[in-house]
Amino acid sequence: MENLLKDLSLLNAVSGDENDVRAYIIKTLENVNCDIETDNLGNLIIYKKGRKTPKNKIMLCAHMDEVGFIVNGINADGFISLSAVGAISDNVVYGRQICFKSGVTGVIGGKPVHHLKENEKDEQPALSSLYADIGAVSKADAENHVSLGDTAYFVSEFCSLGDDLIKGKAFDDRVGCAIILDLLLLELEYDLHFIFTVQEEVGARGALAATYRLKPDYAVILETTTACDIAGVESDKQICRLGAGTVIPFMDKGTAYDRELYNLAFETAAENGLKCQTKTQIAGGNDGSSVHKTAGGVRTICFAAPCRYLHSPSCVIDKNDFAEMRVLTEKLVSKIANM
């Protein structure tokens, strides 16, 4: 499963431009007996039969897109203006290497410190005041490589940190995609529906359309979520911790999760010796915000891998949390199947 995550992490798929991830998933499943459909928005909708038919229609959901950038201007000197696609903090942008869809590489830069006014020196420069430098000498030169509306991505290596941690980009939500792919590559106990969604990072748009089409009874959202278990953050503000297991939120800014499923998830983890935790703050959101209120209402739960430095080029997760989240997903689905 870690190899799936590595492959997916190194692909580029800013919201609205998920082609590479979608193609990888379809290629990976080419010898798997399942039904695959791509809807008009670009969501992948997959059905696979298991050994048994469940009492309830269950959908597993993960999003293919990642945060990134889009070109909104090129000046006379060939420097490129960018807007964020999704929620990217200004403090993870300056000096970062990026790659454009065309294949050209650039660096995000801005005014050097000795050109800053006194009131600017203690402020984090906003993305709107920065630019991408691709080495062009003029606007015409830059336009040979980049056009308005082109997407750009963080450049990052996939690597290990210490014994148990993994670092890479776009773990939000290639973690969920990898878990679903791993399930699809093996024999299923129950018939299941899966969606790999588009445009989650800009408002959970793909999930709305795909869920309306499937009309499931239950949904399990597979995600990552912000872990702040780092130096300088008080314990009650850390939200969740790496190594403490799957995060099962009771509520975030988009969804109040099904209470029975929430309790059942913790019971299932305990029965199987799996670590789990909840979020200590109501923050963030995911495709569940669209799923739970679509098609007459869907009973929804979320499993998330705790992740440091989310929405940056250096996301960090614990591989044990990742592995246990996959096991917990399978165990919970078996229980939901006959609720």
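The values are calculated or read from the model by the stated rules, or taken from the named source; none is laboratory data. What you are looking at is a predicted structure, and each value in this text was computed from that prediction instead of being measured. Note that each Cβ is placed from the backbone with ideal geometry, even for glycine, and that neighbours are counted across all protein chains shown. The accessibility values were calculated without ligands, DNA or RNA, using every heavy atom of the protein model including side chains. Shrake-Rupley method; radii C 1.70, N 1.55, O 1.52, S 1.80 Å.
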Restricting segment 183-216 to residues that are part of a helix (DSSP H, G or I) and either open to solvent by 30 Å² or more (accessible area, probe 1.4 Å) or at pLDDT below 95 (or both), the residue that is farthest from ILE25 (Cα to Cα):
TYR212
When segment 232-259 is checked residue by residue, the ones that are out of contact with any Gly (no Cβ under 8 Å at 6 or more places or on another chain), surrounded by fewer than 17 Cβ atoms within 10 Å (Cβ to Cβ), of a type outside the set (Gly, Ala, Ser) and under 18 Å from SER289 (Cα atoms) are PHE250, MET251, ARG259
Taking the conditions exactly as written (buried (at least 20 other Cβ atoms within 10 Å of the Cβ), outside any loop (DSSP other than H, G, I, E, B) and assigned by TED's automatic domain parsing to the domain that holds VAL198), does GLU324 satisfy them or not?
yes
Which residues, taken from segment 124-159, are aromatic (Phe, Trp, Tyr) and either open to solvent by 40 Å² or more (accessible area, probe 1.4 Å) or in contact with a Phe, Trp or Tyr (Cβ under 9 Å, 6 or more places away or on another chain) (or both)?
TYR131, TYR153, PHE154
Which condition number does HIS114 fail, the rest of (1) at pLDDT below 95; (2) assigned by TED's automatic domain parsing to the domain that holds THR28 being met?
(2)
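Yes/no per residue for (1) modelled with pLDDT of 95 or more; (2) in a loop (DSSP other than H, G, I, E, B); (3) over 21 Å from VAL155 (Cα atoms); (4) under 16 Å from the mean Cα position of the chain (by Cα):
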position	(1), (2), (3), (4)
LEU4	yes, no, no, yes
LEU8	yes, no, no, yes
LEU11	yes, yes, no, yes
ALA23	yes, no, no, no
ILE26	yes, no, yes, no
VAL32	yes, yes, yes, no
ILE36	yes, no, yes, no
LEU41	yes, yes, yes, no
ILE46	yes, no, yes, no
On the given criteria, is GLY86 loosely packed, with under 15 Cβ neighbours inside 10 Å, touching a residue at least 40 places away in the same chain (Cβ under 8 Å) and not assigned by TED's automatic domain parsing to the domain that holds GLY176?
no
Restricting segment 161-215 to residues that are within 18 Å of SER312 (Cα to Cα) and among the charged types (D, E, K, R), the residue that is farthest from the chain's Cα centre (by Cα)
LYS167
Can you report the number of residues in segment 39-56 which are open to solvent by 70 Å² or more (accessible area, probe 1.4 Å) and either polar (S, T, N, Q) or in contact with a strand residue (DSSP E or B) (Cβ under 7 Å, 6 or more places away or on another chain) (or both)?
3
So which residues in segment 290-308 are surrounded by 17 or more Cβ atoms within 10 Å (Cβ to Cβ) and either in a loop (DSSP other than H, G, I, E, B) or polar (S, T, N, Q) (or both), if there are any at all?
SER290, HIS292, THR294, VAL298, THR300
Under 7 Å by Cβ, and 6 or more places apart or on different chains, what pairs join a residue from segment 256-268 that is modelled with pLDDT of 95 or more with one that is among the aromatic types (Phe, Trp, Tyr) and open to solvent by less than 70 Å² (accessible area, probe 1.4 Å)?
TYR257/PHE250; TYR262/PHE250
Can you find even one residue in segment 57-78 that is exposed (fewer than 13 other Cβ atoms within 10 Å of the Cβ), out of contact with any helix residue (DSSP H, G or I) (no Cβ under 8 Å at 6 or more places or on another chain) and in a loop (DSSP other than H, G, I, E, B)?
no
Residue within segment 261-273 that is of a type in the set (S, T, N, Q) and within 18 Å of THR197 (Cβ to Cβ) present
no
Kindly provide the set of residues from segment 319-339 that are among the charged types (D, E, K, R) and more than 15 Å from GLY273 (Cα to Cα), ordered by number.
LYS319, LYS335
